[in-house]
Structure formats: C-alpha cells, structure tokens
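Right, one structure below, let's go through it.
The values are calculated or read from the model by the stated rules, or taken from the named source; none is laboratory data. Quantities reported herein were computed from a predicted structural model and do not represent experimental measurements. Because the Cβ atoms are built from the backbone with ideal geometry, glycine has one as well, and the counts that use them run over all protein chains shown. To get the accessible areas, we keep the full protein, side chains included, count just its heavy atoms, and leave off ligands, DNA and RNA. Shrake-Rupley method; radii C 1.70, N 1.55, O 1.52, S 1.80 Å.
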Amino acid sequence: MRRTGWAALALPMVGAVAAARTGAALGPDAVLVGGGDYRSVTAGRADPPRAVAPFLLDRVPVTNQRFLAFVREDPRWRRDRLSRRLADAGYLAGWSDALAPGPAAPPRAPVVGVSWFAARAYCAAQGGRLPTEAEWELAAAATPSQRDGRQDPRWRQSILDGYARPNPPVLRDVGLGPPNLWGAVDLHGLVWEWVADFGASMPLGKGGGSCGDGASQAQDPLDYPAFLRAALRGSLEARTTTPNLGFRCAYPTTRQARPAPPSTVAGLAGGSIYDWNLRLTGADGRPVPAERLRGHPVVAGMFFASCPSVCPLLIRDLKRMVAALPAPARADLRVLLISLDPARDTPEVLAYLLRSHGLDPTRWVLAVPSDDESVRAFATALGIRYRATPDGQFEHTRRVALLDADGGVRVQSEDLNVVAAALRTPPGVAAAAQ
Amino acid sequence: MKKPPSRPGWSPSTLLLLCSAAVGLPGACHRGSGDSHRVVLTTTDAPAVPAPVGERAPRREVVELEVREQVMSLADGVEYPFWTFGGHVPGKFIRVAQGDSVELHLKNHPANKLPHAIDLHAVTGPGGGTASTFAAPGQESQFTFKALNPGLYVYHCGTPPVGMHVANGMYGMILVEPPGGLPRVDREYYVMQGDFYTTGAHGQRGLQSFDEEKAIAEKPTYVVFNGAEGALLGDRALTARVGETVRLFVGNGGPNLTSSFHLIGEIFDRVYSDGGTTLRQNVQTVSIPSGGAAIVEFKVEVPGTYAFVDHALFRAFHKGAVGQLRVEGPDAPDIFSSPQEPRPLAAGAP
C-alpha cells in the first residue's frame with residue numbers, strides 16, 4: 001500500500017533529522033513530507049498540476065519561546081527596533097515586552113503577529129525557508145491516515161469548524177493536535193501560517209478576476225478550507241501581521257546541521273531592498289551594482305518581456321510619467337524594471353527592450369533575478385502579486401513602488417499619478433502626512 | 001488611491017456613537033474641524049433604522065463599519081459563530097440620499113480570523129466595492145461611491161467563499177432615499193431574513209458550526225428574521241399603535257432561499273417592489289429574493305398581536321421564520337369582531 005510505504009519512509013528520516021539537529025542552533029524537529037502533484041484551488045481547470053519535491057517541514061508551528069531566542073540572537077528583529085517597513089504595528093503586539101512574551105503569549109504557544117519578512121528571516125536563521133504554497137498545501141492535505149483527505153467531507157468540515165471559530169485571547173500550546181500522515185501537527189485548527197509565495201494567491205476580486213471568476217474556474221469548488229486560505233493569503237501584504245497568523249519553516253531534504261551563512265539572513269533587517277543579497281543581472285550581462293540605484297529615488301516595477309499587453313503599457317505610462325516631471329527630479333530619478341521571467345528574459349532580451357522603447361540606460365535599469373525564488377522575494381518586497389500561468393505567461397498586479405534613497409519602499413500604488421505626486425513631495429513631508 | 005494599510009490609525013472605538021452623542025445631531029455629525037462637508041453617519045442595529053434623510057442637498061458622508069466574528073445565540077440554547085457587519089445580524093442599517101458621495105470605511109477587527117470585504121448593491125462600479133474593501137484581520141480599507149439610484153439595497157461580504165460568508169450572517173441593508181425623502185410614516189423597522197446551515201439538527205443545543213454540505217444542498221436548519229430564532233417574538237416584538245402607519249424595510253440576506261414575506265391579518269397598503277421605485281398597492285405576500293429587498297407600508301386599524309412569516313410555512317413553524325408585531329389601542333369592532341364563544345351546530349342541520 002502506498003500510504004504505509006510513505007509512512008515507513010517518513011520515520012527513519014525524522015530520526016535522521018533529529019540526530020542531525022543535536023547541538024546545532026536549528027529549529028524544532030522536522031518531518032519529511034513526500035512530494036506529489038499539487039493544484040492550487042484557485043488555478044484554472046486546464047492548469048496542469050505542479051510537481052512538488054519531497055521536503056522537510058517543522059513538525060509544529062514556531063513558538064513564542066523559539067522566536068524569543070531568535071530575537072535575542074538578532075536584536076534587529078525586536079519589536080521596539082524593527083522598521084515599520086518590515087512589519088506593521090501589530091508585530092509581536094501580544095507580547096508583554098520586547099523580550100518577554102508574557103502571559104498572553106505562553107512559551108509553547110505559536111508565535112503570531114509576525115510579518116512575512118520576520119518569518120522569512122527566522123527560517124533563514126535556522127538554515128531553512130518558508131514553505132511554498134504548494135508545499136504547505138500538500139502537507140496540510142494529509143489526514144492522520146491518508147495523503148489527501150480533501151475529498152472527505154468530514155475532514156473538510158473539521159477544518160472549516162476551526163476557521164469559523166473566533167480567535168481565542170490566548171492560543172493553546174503547539175503539538176496537541178493529532179499528527180497527520182507525515183507526522184506534522186497543528187497545520188489546522190490553531191493558526192494561519194505564512195507561505196513563501198503568498199503573493200501567488202491573487203487577491204480574489206482585486207488584480208485578477210472577481211470572486212465569482214475564482215469560484216467558477218476553481219479545481220474543486222467544494223474545497224472551502226482551501227478557498228478560505230487563498231482568500232486570506234490574497235489579503236496579506238509582506239508587512240501585515242495578525243493575531244492569528246504564525247508560520248513554520250521548511251528545509252531541503254539534504255539539510256545540513258548548521259545555520260545558513262549570516263549574509264543570506266542579515267540583509268532584510270534594515271528594510272532596504274539593496275541589502276537583500278539577491279543578484280540582479282542587467283542588460284549588459286553583468287550584475288547590477290546597488291550604487292546605480294542607491295542615493296536616488298527609484299520607481300520600481302516588474303514585467304516580463306513576452307507580455308502581450310500590460311507590460312508594454314506600463315513602460316509607456318512610466319515614460320510619460322517621467323517626461324512630465326520637472327527637470328531636476330527627472331535627472332535624479334531611476335526606473336528599475338525587474339523581470340518575472342528569468343528563464344526567458346536574457347540580457348540580450350533586456351537590451352533589445354531598452355533599444356526598442358528608446359530608454360536611456362543610465363536612468364532605466366532593466367534587470368533579471370537569478371532564479372524564481374529571488375523573483376518572488378523582489379515581488380513580495382515591492383508588493384507585487386503574480387503567478388505563472390500554464391501558457392507561459394504571468395498574471396500580475398500592476399503595482400509600482402517608489403523607493404527612497406536608501407532602498408526602502410516609500411509608496412506602493414497601481415496608480416502612477418500617486419507615484420508621481422509622491423515624487424514631487426519630499427519624503428519627510430509625505431511621512432508626516434501619513 | 002488606496003492608502004497603504006496603517007495600523008496606528010486603527011481604533012476599535014465607536015466613533016459614531018461618541019460623535020452623535022457629543023454633538024447631539026440626529027443622524028450625523030461633523031468629523032474634525034477642517035472639512036465641514038464630511039459627515040459621519042449614524043448607523044443602527046435592527047430593528048431600528050436611522051432618522052429619515054428628508055429634504056436636503058446631496059453631500060459627502062463617511063460610513064464606518066466594523067466586521068466582528070463572534071459567537072452569539074441562534075436559538076434557545078444554540079450558539080453559532082456569526083460573522084457580522086457591526087456585531088449583529090443583520091448588519092448596520094445605512095441611510096443616505098440619492099446623489100450622496102459615501103466614503104465607506106471597513107474595519108476588520110484584529111481578533112477576527114478571516115479577510116472580509118463589502119459588496120453593496122447600491123454601488124455602481126465593478127464588484128460593488130469588494131476589491132477596494134478587501135481587508136486582512138486588523139486592517140482598515142475604504143472606498144467612495146456615489147449613490148446614483150434610489151432604493152433599498154442589500155449589502156454583503158464579497159470574500160470567497162462568498163456563500164459561506166453570507167450564510168454566517170454577513171449582510172445588511174442600505175437605503176438610498178429619493179430627493180425629498182420618503183413619505184412620512186409613524187414607525188419604521190428593519191427586518192431581514194436569512195437561512196442558516198448548522199452541523200446539528202434544528203434545535204440541537206450547544207455550539208454549532210457552518211455545514212458546507214447542507215449549504216450547498218440548500219437545506220437550511222434555520223430560517224430566521226434578524227439573525228436569531230425569536231429575535232422579534234414576545235417582548236422583542238415590533239410595536240405600533242392603532243391608527244399608525246408602519247413601514248418595514250424588509251431584506252433577504254439568503255444566501256439561498258427566496259422569502260414569501262407575509263403579515264398574517266394585515267394587507268400591505270403599499271409595496272415598493274424589490275426595494276425599487278415601482279409602487280404596488282394592496283399586496284398580501286411579497287416575494288423577496290436572496291440579495292433583494294422590499295419596502296412595505298400599512299396602516300394598523302385593529303389591535304392585537306400579528307405574526308409575520310415566510311409563507312413557505314414549514315420554514316415558519318419548523319425553522320424559525322416568524323416574528324411579531326404587537327398593536328395596541330382601542331378595538332375596532334366595525335372592522336374586526338372580537339372572538340366569540342363557540343357554540344354547537346344547531347341540531348338537525350343538514
């Protein structure tokens with residue numbers, strides 16, 4: 001039987017991971033989740049399933065105790081020190097103090113009130129990452145005895161019951177729920193959990209189609225729990241926190257028993273996109289140095305070269321906006337357009353785009369990240385939602401971000417007039433007005 | 001433009017109440033000192049409705065709604081986790097005038113678990129406001145619309161799965177009064193029908209949950225007025241005095257059933273069908289679709305207790321769709337004779 005086979009495989013791996021963890025500053029014990037095919041509840045009927053490779057996943061959500069240890073280790077993530085660019089005012093708001101979770105946040109209860117940025121940094125510090133939506137959903141589809149319980153009305157109902165109940169004032173400890181087939185606990189019934197690519201859940205009714213479209217195209221319109229999760233992800237920004245949103249980390253199956261090098265963890269804490277250590281390649285085939293952008297106001301957006309309609313219009317509208325600026329502002333401004341499509345947008349393609357649109361390469365930076373995960377990181381930081389479609393295109397929101405001189409996001413809007421108005425206003429004035 | 005969500009500005013305080021109490025204006029008060037054209041509207045919980053708009057020029061108004069997810073009573077001994085616009089089912093009643101520009105703020109309380117949004121049927125524009133007001137727990141969103149068409153309109157949550165949000169109580173009504181307002185009446189009430197789908201059978205006590213299968217099969221366990229069985233019965237009945245004219249703003253949140261709204265022992269003198277401007281007279285039963293509404297008016301001539309029901313009668317007697325109107329005042333024997341002692345049929349009758 002397949003399921004006993006998977007369960008048998010899971011157990012020795014758990015042991016191996018637990019052994020590897022000994023003595024290392026790693027997260028809580030992890031379980032092996034066997035890979036498989038995954039279809040998002042909001043994907044179209046014609047979309048092929050996505051293959052998910054086996055991965056390791058924290059057995060339980062990250063607790064207050066563990067997050068406190070992280071914050072002590074890296075005080076930049078203390079709630080009294082973290083930039084508001086990286087978490088809204090609800091960040092760790094349930095804690096009594098910056099270094100004391102207190103009675104409303106018991107040590108073994110899941111940490112909540114954590115932004116995507118903070119969750120991502122925590123996982124990186126453990127040598128892991130946030131699970132993707134596909135990974136999380138695949139793990140969460142398992143019941144105690146089945147790989148996929150989503151067709152079981154009673155299983156769906158039990159999950160729905162949890163979602164429909166109001167949030168308790170104090171969350172219970174992790175680990176008390178029944179383990180699912182993979183050994184993971186509390187994927188349902190305790191807290192929502194961040195995923196790395198929450199921005200792939202289009203805000204239903206915003207950006208991509210209406211809610212009615214979502215339901216009519218859905219793979220399984222009966223999977224209400226998945227709809228609720230997709231809707232929640234669609235409502236989030238990377239800096240959002242809520243009193244019921246926590247996370248757990250994922251790791252490659254080849255996980256090493258050592259934390260990731262600090263360079264991949266540190267970057268974020270100041271809120272500057274230039275500190276991300278994510279490489280961008282420019283139209284000249286060379287890495288784009290941050291110095292080309294730092295010190296200037298930067299209008300940043302995302303595109304893909306084979307985009308038939310929206311992206312050319314975005315470039316056209318950006319050109320018009322730049323042309324309408326007063327000369328000094330125009331000279332100072334840089335426009336950064338990052339490709340969503342590393343597989344096809346080669347430097348040659350970027351160079352062609354620069355030429356064909358008549359863009360000044362000193363002020364217009366067209367660049368492509370090294371891989372899909374970097375694309376997702378840039379997009380999330382800029383507040384841009386997207387997902388790849390089966391026909392090789394990308395659905396994406398048309399949002400544009402205005403970065404200040406040190407690479408912090410100052411304004412995000414779908415409306416270029418808003419960005420243009422902000423460009424005419426000194427940053428200090430805008431901050432005071434908000 | 002959509003402002004980035006800002007938590008510091010978020011406050012659960014009931015600005016509306018503070019505001020109207022402090023200023024003492026019926027229905028509204030000015031917000032801040034800088035912009036005298038912005039008015040924060042007072043909204044009401046059913047069965048109350050805000051004061052009539054009356055004769056005035058269109059203006060700019062602020063409406064603040066707060067989404068609360070909370071366990072409340074659905075029937076005697078039966079608890080249910082409701083999702084609400086303002087802490088009650090139905091949601092707050094909003095009353096504006098045709099031509100008003102309404103700046104609607106939707107606050108999703110931080111203790112809530114789910115994202116929510118609002119689609120008002122009074123809105124002209126894609127999605128009815130859903131996209132603009134989609135907000136995560138703890139976030140506030142807003143959008144502005146112009147009330148172009150007069151009428152009584154349903155609003156509801158537009159977040160998927162929309163049916164589930166509506167089935168959990170996320171609906172209410174907005175009245176857009178025509179120029180000059182509605183004709184004056186003596187009493188106005190807000191009544192809204194809804195169907196509920198609990199995992200337990202009708203009457204099963206304890207905390208219930210939304211039952212997806214029953215909802216999809218359109219087999220409710222409860223059909224009620226104003227969010228709970230008995231919400232308008234006994235000492236919570238609507239009241240009027242003999243000789244008064246009563247106006248009911250009747251809506252149907254659904255999500256599934258069409259209501260056959262009927263007031264036993266009365267005839268609706270005037271009905272604005274479908275909540276629009278077509279006036280029909282002398283109507284016995286009003287059909288109100290899910291997501292629809294009607295304004296019914298009648299003069300009460302005879303004292304007594306009147307039941308109003310969904311005339312799909314098994315809903316009334318087995319699922320809760322019954323309310324009461326208690327009319328006090330002098331008897332009117334020329335219209336309706338008092339009950340008399342029954343007497344046996346005469347012997348030898350055919």
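Descriptive notes on the structure:
- Only protein heavy atoms count here; on that basis, with a 1.4 Å probe, B:Lys92 has an accessible area of about 40 Å².
- Area hidden from solvent between B and A (accessible, protein heavy atoms only, 1.4 Å, total, Å²): 3300 Å²
- Spin-label zone in the range A:75-118 - amide nitrogen under 13 Å from a point set 7 Å from the Cα of A:Asp173 along the C-beta vector: A:106-110
- Working from label points 7 Å from Cα in the Cα-to-Cβ sense, the B:Asp269 to A:Arg286 distance is 8.8 nm.
- Surface accessible to a 1.4 Å probe, B:His311 within the full protein complex, Å²: 80 Å²
- Per-residue extension of 0.36 nm, minus the Cα-Cα distance of B:Phe317 and B:Thr144, leaves a gain of 58.0 nm for this segment.
- Rounded to 0.05, the FRET efficiency of the B:Leu233 and A:Ser158 pair, given R0 = 30 Å and the Cβ-Cβ distance, is 0.30.
- Residue-averaged [θ]222 nm for chain B, counting only DSSP H segments that reach four residues, each worth -39500 (n - 2.57): -2000 deg cm²/dmol
- Within the accessible surface of chain B, defined with a 1.4 Å probe on protein heavy atoms only, the carbon and sulfur portion equals 54 percent.
- Stokes-Einstein translational diffusion, the range B:180-290 - Kirkwood Rh over all Cα pairs, 1.567 mPa s, 4 °C, in µm²/s: 82 µm²/s
- At 0.890 mPa s and 25 °C, Stokes diffusion of the range B:89-231 via Kirkwood alpha-carbon radius, µm² per second: 148 µm²/s
- Were the residues from A:Arg165 through A:Asp317 laid out at 0.36 nm apart, the gain over their Cα-Cα distance would be 50.1 nm.
- Among the protein heavy atoms, those of A:Arg294 account for about 100 Å² of accessible surface (1.4 Å probe, every chain in place).
- Computed with the Debye formula from one identical point scatterer per Cα of the protein assembly as shown, without solvent, the log10 of I(q)/I(0) at q = 0.05, 0.11 Å⁻¹ comes to -0.30, -1.25.
- Amide proton proximity set for A:Leu181, modelled H, under 5 Å, gap of 5+: A:Thr143, A:Ser145, A:Gln146
- With R₀ set to 45 Å, the beta-carbon distance separating A:Asp372 from B:Lys299 gives a calculated FRET efficiency near 0.05.
- When the pairs B:Lys113/B:Lys219; B:Lys113/B:Lys214; B:Lys92/B:Lys214; B:Lys92/B:Lys319; B:Lys146/B:Lys214; B:Lys146/B:Lys219 are compared against a 29 Å limit on Cα-Cα distance, B:Lys146/B:Lys214; B:Lys146/B:Lys219 fall above it.
- Residues with amide H under 5 Å from that of B:Ala75, placed H, sequence gap 5 or more: B:Glu229
- Stokes-Einstein D (µm²/s) once Rh is taken as the Kirkwood radius of chain B over alpha-carbon pairs, at 10 °C in 1.306 mPa s: 75 µm²/s
- Placed amide H near B:Met173: partners under 5 Å, 5+ positions off or other chain: B:Gly91, B:Ile94, B:Tyr155
- Residue-span extension gain [B:Ser287 to B:Leu345] - 0.36 nm each, minus C-alpha spacing: 16.9 nm
- Accessible area (Å², per residue) of the protein assembly as shown, counting only protein heavy atoms and a probe of 1.4 Å: 41 Å²
- Averaging 1/r across all pairs of distinct Cα atoms in the range A:300-434 and inverting the result yields a Kirkwood radius of 15.4 Å.
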